[in-house]
Every structure is written in C-alpha cells, then in structure tokens.
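Enquirer: Dropping the structure in here first, questions after.
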Amino acid sequence: MSLSAKQKRRAEALPLVAIVGRPNVGKSTLFNRLIGERRSIVGDEPGITRDRIYGKGEWNGSRFALVDTGGIVPDDEAVIPANILKQASFAIDEAQALVWVVDARKGVTPLDQELARLLRGTGKRVIVAANKADAVNWESDAGEFHAFGFDDVFGISAEHGNGIGEMLDALVGSENWKLASEADSGKDAKTQSDAKNEKQEINLAIVGRPNVGKSSLLNRLLGEERAIVSPVAGTTRDSVDTFLKTAEQTFRIIDTAGIRRKGKTIAMAEKLSVLMARKSLERADVAIVVLDAEQGVAALDAAIAGYAVEAGCSIILAVNKWDALENKLTGTASAFERGLRDQMKFLSWGAVVMISALQGQRVNKLLSLAIKADKARRKRIPTSRLNDFFEREVRHKAGITPAKTHGGARLHVKYITQIGVRPPTFVLFTSGGKAGLHFSFLRHLENRLREEFDLFATPIRLIERHKSKTRRHAK
C-alpha cells in the first residue's frame with residue numbers, strides 16, 4: 001500500500017498550495033523562496049521543472065505544504081509537455097489554493113488566457129503572482145492581470161523577495177483557508193501519536209544513467225503515475241521525494257535525474273541535474289543503482305555506483321529490462337552477475353536483482369532487500385563481541401599480518417571498536433612499527449566482518465589509529 005503525497009499532507013494536517021503557470025515565469029524561484037531552500041532547479045531554459053516537487057512553508061504562524069509544477073502548455077501533443085500538464089493537473093486537483101505565476105514584463109499572452117480559463121474551471125481559490133515586476137511600478141505592472149477576474153493579484157519579485165509578504169498575508173488570511181485547516185486539526189493528535197509508533201523511514205535513492213528506467217521503476221513501486229516517463233533520455237531533472245508505505249516500512253523514495261559523464265552534460269539544466277542527483281545520494285540510506293540489461297554494464301554504471309559508495313549508501317544493483325533480453329537460458333542470470341561483479345570489483349558486497357520495471361518482475365523484492373540492508377547499516381556490535389571475533393578469526397589465522405615489518409618492528413592491532421553506524425564504522429587501534437595497515441589485511445577483515453555480523457549490502461568503514469612512541473620530558 002502506497003502513501004501518496006496527498007495522504008501524507010492530510011496526515012500532517014497541512015493545506016496544500018500548488019504553484020502553477022506557463023513555462024519560464026519563475027515558478028521554481030518562487031517555490032524555493034517560500035520553502036527557504038533550493039529544492040527545485042532554477043534556470044533560464046523553459047521546461048526545467050517537469051515532475052511535482054513538494055516542500056513546506058510557514059507565514060505568520062500558519063504552516064502549509066507547497067508543490068512546484070512544470071510549465072503548463074495546454075493541448076501540446078509533444079510527449080513531455082503533455083506529461084507535464086498531466087502532472088500539474090494532479091497537483092491542481094489535490095491543492096486547496098493555487099498560486100498562478102505570470103510574467104509581468106511580458107504581460108498577458110494567449111497562453112495566459114488559456115490558463116485563466118483552465119484555472120477558473122477548477123473552482124479553487126487562485127492568487128495571481130505577477131512575477132518580475134518593477135519595484136517602482138508594482139500596481140501598474142500587475143494591473144492588466146486583473147482582467148482575468150481573480151480577486152487577488154500581486155506584483156512580486158520571486159528572485160529578490162519583493163511583494164512576497166503581501167501575497168502570503170492574503171493567502172493565509174483567507175477564511176476558507178482557516179476553515180480547512182481547522183477541519184483537519186482534529187486528526188492531529190492521533191496522527192502524531194501514530195507517527196511515533198512508526199518505524200524510522202528509509203531514504204531510498206534511485207540512481208543510474210539516463211533512460212535506464214528509473215522513473216518507470218518508481219511508478220511501478222508506487223502503483224501510480226507519480227513521475228513522468230517517456231523514451232526521451234533525461235526526462236527527469238529534479239530529485240523528487242515520494243513516500244511509500246508498506247506493511248513493514250515507510251520509504252522516502254528519491255527519484256533522481258540520469259547521471260551523465262561530465263563531457264556529455266551540455267545544457268546548464270543537465271549539469272545542475274547531475275549535481276543534485278549526486279547531492280541526493282548524500283541523504284540516502286540505500287541506493288538502487290539501475291542498470292540496462294540490453295545495453296550491458298557500462299563504465300558510467302561503475303562510476304555512478306562509486307558515487308553511491310562514497311556517500312556511504314547501501315547498494316542494490318537492479319538490472320532492469322530483464323524481460324527484454326532475448327535467448328535467456330538457465331545460467332544467463334548467473335553469468336550476467338559474474339560479469340557485473342567482475343566489472344565492479346569494489347562492489348562484491350552489493351546485492352544484485354534482475355528486474356523488469358515495465359512488467360513488475362521482482363520489483364517488490366527490492367523493498368525487502370532495502371529493509372534488510374538498512375537494518376545492517378544501523379547495526380551496532382559490542383566491543384567485546386568484536387574483539388572475540390578478531391582474536392578468533394584474524395589474529396590467530398596463519399599468514400595474515402597487518403603490515404610488513406618496518407625497521408625490525410612489526411605493526412600490531414591492539415583492539416577494534418565500532419564508532420558509528422550508517423554505514424558501520426570501525427576503528428582499529430595499532431601500535432609498534434609504522435602506521436599503515438596493508439590493503440589485503442583490511443580487505444580480509446572487511447569480508448570477515450560482513451560474514452560474521454551479516455552486514456548485508458552495506459559499505460564498511462575501517463579507520464586506523466596508531467599510537468606512536470613518545471618521549472617523556474622531565475619537568
């Protein structure tokens with residue numbers, strides 16, 4: 001059972017405001033200003049925002065949810081604009097109020113007239129934000145938009161913050177707004193109590209190179225068309241957070257833009273997309289790295305997986321489009337996995353699943369693996385157990401030495417302790433010889449730790465702290 005964004009906001013008793021408008025009028029700039037952080041990509045190119053991006057805002061003690069939508073182009077037959085309209089329609093349908101952003105500098109356009117008819121047909125409250133208005137001529141710049149018949153028209157500058165306060169005063173001061181908030185507030189106490197009993201959510205990032213099926217996988221996991229899917233590479237640009245609730249766990253799923261090689265990112269929006277996708281990995285617990293079974297494993301796949309490992313994510317390698325692979329035999333999956341691990345030797349511990357996002361094959365298995373991986377990355381191991389293990393499996397094993405002898409002195413590992421989780425981080429205290437544990441010793445120790453304590457699909461951090469001999473000076 002999935003918990004949609006609409007249900008999530010109801011649980012939090014926050015009224016929703018949808019920011020809508022034609023392309024390149026400053027919707028994302030306004031969204032970022034209202035939530036107080038840079039969540040949506042902003043640029044001069046039209047059509048940068050495509051999916052719905054959610055956030056929260058507050059004004060004069062009133063809290064509300066916000067959704068940024070892609071630029072609406074009614075009746076456009078092209079695949080992506082048509083899907084943007086579909087996503088914006090979902091946002092409009094669930095919103096309580098609409099902030100319609102127009103361009104004060106360009107004035108009323110034929111597309112604005114079409115949008116006015118569309119928004120009047122919703123029957124919802126519409127606040128007109130005439131963006132890019134001249135600070136000296138607020139009223140005259142916004143004046144012509146009164147012709148559309150909406151009561152609230154404000155000249156603003158989303159970039160500089162001018163006029164935003166007056167617009168928000170009108171937004172949160174509405175009687176309809178207050179009534180809607182009060183109607184939901186009765187559920188607040190029970191909701192907060194239930195929330196305390198829920199398990200901590202897992203941040204699950206979906207990453208991969210362009211057009212491998214990331215958004216298709218998201219939609220299949222959610223059971224709804226939450227993200228725009230098209231055969232055009234690079235459709236997703238923003239990192240989109242969506243909540244998914246199952247009987248076992250709540251997930252925050254982060255659908256990211258396809259990561260390209262640096263030389264392949266030409267447009268400014270694409271460069272920002274790659275940057276934000278990598279940044280999204282920093283707040284993820286588990287990363288599903290989506291690969292293309294038909295195209296095979298590329299060098300870029302290994303680079304993307306490397307970004308996830310650097311961020312400390314647990315890793316699940318999802319080989320998508322497995323249903324489209326022809327002439328499969330009994331051993332095809334095993335052979336593919338061997339080749340995959342050979343090309344990604346640094347990910348010998350990552351989980352591998354052959355899936356079809358289109359057909360739904362083994363997609364639900366990803367969630368159970370993510371739960372198992374997250375449990376492993378949060379595991380704490382008592383120091384006494386760690387050192388019993390170390391004595392038994394490492395110190396007394398013949399042929400395994402921490403480092404080469406240096407100047408006749410040998411490096412010794414005194415003991416090991418865990419200092420952190422997410423991912424599990426261990427410190428090895430050493431003395432004697434010269435600091436610097438050999439990589440073969442560290443690799444052996446990591447493998448044995450993983451086996452002994454079931455640290456499934458999660459990276460392990462090993463840190464050496466060396467105690468050197470110091471001279472004591474007489475006082």
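The values are calculated or read from the model by the stated rules, or taken from the named source; none is laboratory data. Note that this is a predicted model, so its numbers are computed, not measured. So basically every Cβ, Gly included, is an ideal-geometry build from the backbone, and we count neighbours across all protein chains shown. Areas reflect the complete protein model, heavy atoms only, side chains present, ligands, DNA and RNA absent. Shrake-Rupley method; radii C 1.70, N 1.55, O 1.52, S 1.80 Å.
Enquirer: Go through region 436-467 and report how many residues are of a type outside the set (Val, Ile, Thr) and in a loop (DSSP other than H, G, I, E, B).
Expert: Residues flagged as of a type outside the set (Val, Ile, Thr) and in a loop (DSSP other than H, G, I, E, B) within region 436-467 amount to 8.
Enquirer: So, in region 189-235, of the ones that are at pLDDT below 50 and touching a Gly at 6+ places or on another chain (Cβ under 9 Å), which residue ends up surrounded by the fewest Cβ atoms within 10 Å (Cβ to Cβ)?
Expert: So the residue we want is Ala233.
Enquirer: Considering each of Ile400, Ile381, Ile460, Ile416 in turn, give the residue that is over 30 Å from Ala318 (Cα atoms) and modelled with pLDDT of 90 or more.
Expert: The match here is Ile416.
Enquirer: Just name the residue that is farthest from the chain's Cα centre (by Cα) out of those in region 50-76 that are acidic (Asp, Glu) and modelled with pLDDT under 70.
Expert: Ranking the candidates gives Asp75 first.
Enquirer: Tell me, please, whether a residue that is in contact (Cβ under 8 Å) with a residue 12 or more places away in the chain, surrounded by 19 or more Cβ atoms within 10 Å (Cβ to Cβ) and either assigned to a loop (DSSP other than H, G, I, E, B) or at positive phi (or both) can be found in region 321-344.
Expert: There is at least one residue in region 321-344 that is in contact (Cβ under 8 Å) with a residue 12 or more places away in the chain, surrounded by 19 or more Cβ atoms within 10 Å (Cβ to Cβ) and either assigned to a loop (DSSP other than H, G, I, E, B) or at positive phi (or both).
Enquirer: Please list, ordered by first then second residue, the pairs with beta carbon atoms under 8 Å, 6 or more apart or interchain, first in region 425-453 and over 16 Å from Lys379 (Cα atoms), second part of a helix (DSSP H, G or I) and open to solvent by 30 Å² or more (accessible area, probe 1.4 Å).
Expert: none
Enquirer: Six or more apart or on different chains, Cβ under 7 Å: which pairs go from a residue in region 191-212 that's over 30 Å from Ala303 (Cβ atoms) to one that's surrounded by fewer than 17 Cβ atoms within 10 Å (Cβ to Cβ) and at pLDDT 80 or above? Could you list them?
Expert: What qualifies is Glu198/Thr250; Lys199/Thr250.
Enquirer: Related question: So is Arg380 on the phi < 0 side of the Ramachandran plot and not β-branched (Val, Ile, Thr) or not?
Expert: Spelling it out, Arg380 is indeed on the phi < 0 side of the Ramachandran plot and not β-branched (Val, Ile, Thr).
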